[in-house]
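Worksheet for the structure shown next.
The values are calculated or read from the model by the stated rules, or taken from the named source; none is laboratory data. Everything numeric in this text was worked out from a predicted model, so none of it was measured. Cβ placement follows ideal geometry from the backbone for every residue including glycine, while neighbour counts extend to all protein chains displayed.
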Amino acid sequence: MLTELLAAISDCVWAIDNETGDFLFISPSVETLFGYTADELRNDPQLRKLLIDLPDQFNQEIPGRTDKNSHWTRPVYRALTKTGDFKWINYQQRIIHDDASGHNITLTVIRELDHTGNNPDRDGDALKAAEEIAWTKNNLEALINATEDLTWSIDRLGRYVYMNSAYRKQISNNIGVIPNEGDDAYSHSGGTEKVRNEWRTYYDRALSGERFVTRHDSRHPKTKQIRHFEISFNPIYKDTKEEIIGVGCFARDVTAILNTEEALIKQNERLQNIASLSSHELRRPVASMLGLINIIDRENFNNPDNAQIIEHMFTVTSEIDEVIRLIVNKTFIDQKSYL
């Protein structure tokens, strides 16, 4: 009798044995709500995890326990149907203890929230919360997509949960495939197995609880230009802070900054070379010139020794000219080669 009563309810109802993960009951209305039959859900235990939109899976509420049983929780989620459509649902859930089997059972009642206002039984507060969530989500997405920095997140299975437009464009440029939520992030990490393994190592570190920043170089497959990215990996925790459910990643292009730093280093090297040439190579012929000037006979310019001194002065002048040319080359010609 109880089964017939539950099956007659318009809301979707199911019960799951928490020990085995098996469905104990699924009402036929599940097909009307999600598009999947009861048999499809029974035969594919992983399917029910896909019913809630991936971004909302990060915010699933856990029923609060009171001794063996729990209170009802009434969170609002965005559900993904078999046809790919989205529906806002009120997902009421509690845990009860079955004394006969000794197992805990999760009882779930799911009701679609009607945004048209034609459902007299709808929960107004839940609908308002759903609209606020949608408004906030849209505004955050607009803000995140307005930046050129890359933003994305994955779950523990390595599937994309969220990514902004800049990240989609970068992956498309690298491997020629536009990623979507739910895709395997590991397979989109690079064009070679070496690069994909490198990224898997990064994700594994964050999933183990480590928060870190690293630098990654990416070569464009067509232009062959190398872009340098500074990437932050951050574990994502549930509200209890006891379980890591994914990784949030933020990357910014630091190519221009690194190129500027490299140019400053090379400029500093040039200045050091110029200082060395001025203090050593130029000082020697200048000192020779000053010495020759001091020994020239100013009282008797017809002194035969003056002719030899002047000849030496011409030689030293040529040496000074060569050093000056070398300094000019280091200052201007080498500088152009670095630009």
Quick one: which helices (runs of 4 or more DSSP H) sit completely within the stretch 193-307 and have at least 2 residues that are touching a residue at least 60 places away in the same chain (Cβ under 8 Å)? 255-276
Out of (1) part of a helix (DSSP H, G or I); (2) surrounded by fewer than 18 Cβ atoms within 10 Å (Cβ to Cβ); (3) modelled with pLDDT of 90 or more, the one Lys169 does not meet is (3)
